[in-house]
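These notes are about the structure you will find just below.
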Amino acid sequence: MTRMKTLTLLGGALVLGGVACGETPERPELRLVDLKGATMRVSYIQAPLPRSLGNGEGGRVEVSFHGASTSCFTLAPSVRAMVDGHEMERVADNGREESCDGLAFRFRPDERAEPGPNLVELSDGQDVFRATIEGLTVRHGFSWLSVRSYPMPLNAGETMELSWLPETDLLEEAPGLGRAAFTVSARGGDAIYFQHTENPISSDRKFEVPLPANLPRGDATATVEGGFRMPVLSCDGPAACEAPVRFLQFFQVSVQAP
């Protein structure tokens with residue numbers, strides 16, 4: 001199995017509704033009034049960005065629209081987005097001319113952000129979309145991975161336990177959410193030594209990974225993926241609001257005897 005297949009362990013968990021629209025899609029310019037029948041998706045993503053899109057370290061907030069009259073569009077220049085009064089960066093076609101995934105704005109929260117509700121507001125001088133999301137700007141993901149020691153030691157035959165934070169995130173039985181996957185593969189990603197998936201993640205937010213005793217010793221690459229959702233406390237303007245959390249991390253490990 002190639003490394004690209006490893007990236008899709010959760011059935012495309014990191015693809016936020018992307019749809020290819022042909023080599024040269026037409027892109028009508030839309031205002032917020034044209035998106036009132038769409039779903040505004042405010043996502044927290046902890047995952048690498050393509051190198052062409054810059055530094056992908058750290059979590060980011062992304063705003064995208066799904067279910068509009070067309071999946072390939074640009075937003076009118078008058079449309080602005082804010083998170084708690086902080087300007088969001090406009091995303092131009094997600095860096096790919098053939099992309100039609102509705103991604104519109106991106107924002108990198110301060111690592112020191114405090115828990116609590118956060119207000120996302122889009123405006124264009126005529127209409128306003130607002131969504132209040134619980135815990136949008138705090139770090140989301142597996143707390144076990146906050147301990148950075150490279151290569152990270154893994155003891156064959158033992159059971160790892162990963163905990164998901166923050167506690168305000170909710171389980172959801174939806175594609176890519178409420179589940180987790182852990183994979184150990186060869187350093188080049190050409191062969192998978194071990195893969196464990198839990199669907200759904202237990203209600204206590206624990207993800208237990210029983211490492212087999214015969215796991216090959218030595219250096220390898222591990223991948224962990226997971227998805228929860230943040231509570232949407234209010235939604236005003238679009239037809240609906242969603243707040244998924246996506247997590248993907250690669251790291252180097254050293255498999256050792258227990």
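Readers should treat all values here as calculations from the given coordinates under stated rules, not as data from a laboratory. Bear in mind the structure is a predicted one, so any value in this text is a computation, not a measurement. Virtual Cβ from ideal backbone geometry, glycine too; neighbours counted across all protein chains shown.
Points to keep in mind about this one:
- FRET efficiency, 1/(1 + (r/R0)^6) with R0 45 Å, evaluated for SER143 and ARG31 via beta carbons: 0.60
- Spacing of the two label points (7 Å from each Cα toward its C-beta) at ASP110 and SER202, in nm: 3.7 nm
- Cβ-Cβ FRET estimate between ASP127 and GLU167, R0 fixed at 25 Å, reported to 0.05: 0.10
- Principal axis box of the stretch 179-253, alpha-carbon based, largest edge first, Å: 54, 26, 14
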